[in-house]
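Here the structure comes first, spelled out in structure tokens, and everything after it is commentary.
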Amino acid sequence: MALNLIRKTLISLTPLQVKPPFPQSRHLSAAAAATAAANSDDPSSSFSFSEPQTKTDDKDDSIYVKGKPKTTSSVTMPMSFMTGSIVGKKFYKKVSTREAEDGNGWHVMLDYRTLKTPSKSPLKCPNRLLAMAIAAEWDYQQADGIRPFTMPIMKLACTALERVPLTRTKIIDHLMQKFPQDLVFCRAPGDDDLTSSVLERQEEKIDPLLKWVESEFGFKPVLYSSFFGAHSLIIAIGLFRGKLQIEEAIELIRLEEDLQVDRWGLVEGGHDLDVADLKVQIASAVVFLGLSRRF
């Protein structure tokens, strides 16, 4: 019963609810391909550029109610964008947003080019707020290189559009398999001087969250003792439902480690970087999901 309730909550998480993107009918023109080959040493050549196909021989007898559709150029991100550190020099000057031609969603524009995902699909956001957030990440890039690790919302959008739909069921199944070992179900032994303070902090910080789980989903989690923390689905759901703020979630995730830092001290270049990285991961996910749900 409890697992079914949690599974339904996961299934309800459907960010980027837009219709399928435009057909992938645009390709590199001969001129663009020749230019790309000639500039293969250019760091920005890892991006693919396409120009609108113009036909002068064929007569267009179509009738357009709202005017003839605009043909725009596009730029496709390389696959290395999802994993690379620097994927090329900054080749654009202006970043903006534009409503999709079908009125369903928003695009990010690099100069006059529509931004595409690594699989060559137009990056289509459900609303302008999310598109503006992604545009801000592109606008932040420096002239000497485009750094994907400074664009967490952009990477989440690509993942949500291209990877999650293909593996959504497997992702949920994997999360449900890990759910019984959720971080908030782990309790440190209270009969040891080294762990008694951890148990006290867990009871202070985590018990209110467990009471919320009981009232929200109608079941009382079974707790067990363990020194090894796992990732927490409960904390993620708490963030999604508005029970937890970002700082509260980070505090719960790092509860045991922060107590060790208080006892033994902070390792510079280690603990501080871990905290910064965790803040980026949690905050970007919360912002992305929040903007995806706003219309």
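The values are calculated or read from the model by the stated rules, or taken from the named source; none is laboratory data. Everything numeric here is computed off the predicted structure, so don't read it as measured data. Using ideal geometry, Cβ is built from the backbone for each residue, glycine included, and neighbour counts are taken over all protein chains shown.
If I ask for residues that are at pLDDT 90 or above, part of a loop (DSSP other than H, G, I, E, B) and hydroxyl-bearing (S, T, Y), which ones from the range 82-96 would you list?
Within the range 82-96, just Y92 meets the criteria.
Tell me the residue from V267, V286 that is free of Cβ contacts under 8 Å to residues at least 24 places away in the same chain and of a type in the set (A, V, I, L, M), please.
Among V267, V286, only V267 is free of Cβ contacts under 8 Å to residues at least 24 places away in the same chain and of a type in the set (A, V, I, L, M).
So which of D207, D173, D192 is outside the structural domain of A276 (by TED's automatic domain parsing) and either acidic (D, E) or in contact with a strand residue (DSSP E or B) (Cβ under 6 Å, 6 or more places away or on another chain) (or both)?
That would be D173, the only listed residue that is outside the structural domain of A276 (by TED's automatic domain parsing) and either acidic (D, E) or in contact with a strand residue (DSSP E or B) (Cβ under 6 Å, 6 or more places away or on another chain) (or both).
Looking for something modelled with pLDDT of 90 or more and at positive phi - is there at least one such residue anywhere in the range 105-123?
Yes, because at least one residue in the range 105-123 is modelled with pLDDT of 90 or more and at positive phi.
Six or more apart or on different chains, Cβ atoms under 9 Å: show the pairs whose first residue is in the range 135-147 and under 17 Å from L291 (Cβ atoms) and among the small types (G, A, S) and whose second is part of a helix (DSSP H, G or I) and at pLDDT 90 or above.
A136/I153
Can you find even one residue in the range 114-132 that is without any contact (Cβ under 8 Å) to a residue 40 or more places away in the chain, surrounded by 18 or more Cβ atoms within 10 Å (Cβ to Cβ) and in a strand (DSSP E or B)?
No, there is no match, as no residue in the range 114-132 is without any contact (Cβ under 8 Å) to a residue 40 or more places away in the chain, surrounded by 18 or more Cβ atoms within 10 Å (Cβ to Cβ) and in a strand (DSSP E or B).
Wholly within the range 147-266, which helices (runs of 4 or more DSSP H) include no fewer than the required count, namely at least 3 residues that are more than 30 Å from P122 (Cα to Cα)?
164-178, 193-205, 207-217, 233-240, 246-253, 255-264
Does I250 meet the test of being under 27 Å from the mean Cα position of the chain (by Cα) and crowded, with 18+ Cβ neighbours inside 10 Å?
yes
Quick check: anything in the range 138-152 among the small types (G, A, S) and under 27 Å from Q245 (Cβ atoms)?
Scanning the range 138-152 turns up no residue that is among the small types (G, A, S) and under 27 Å from Q245 (Cβ atoms).
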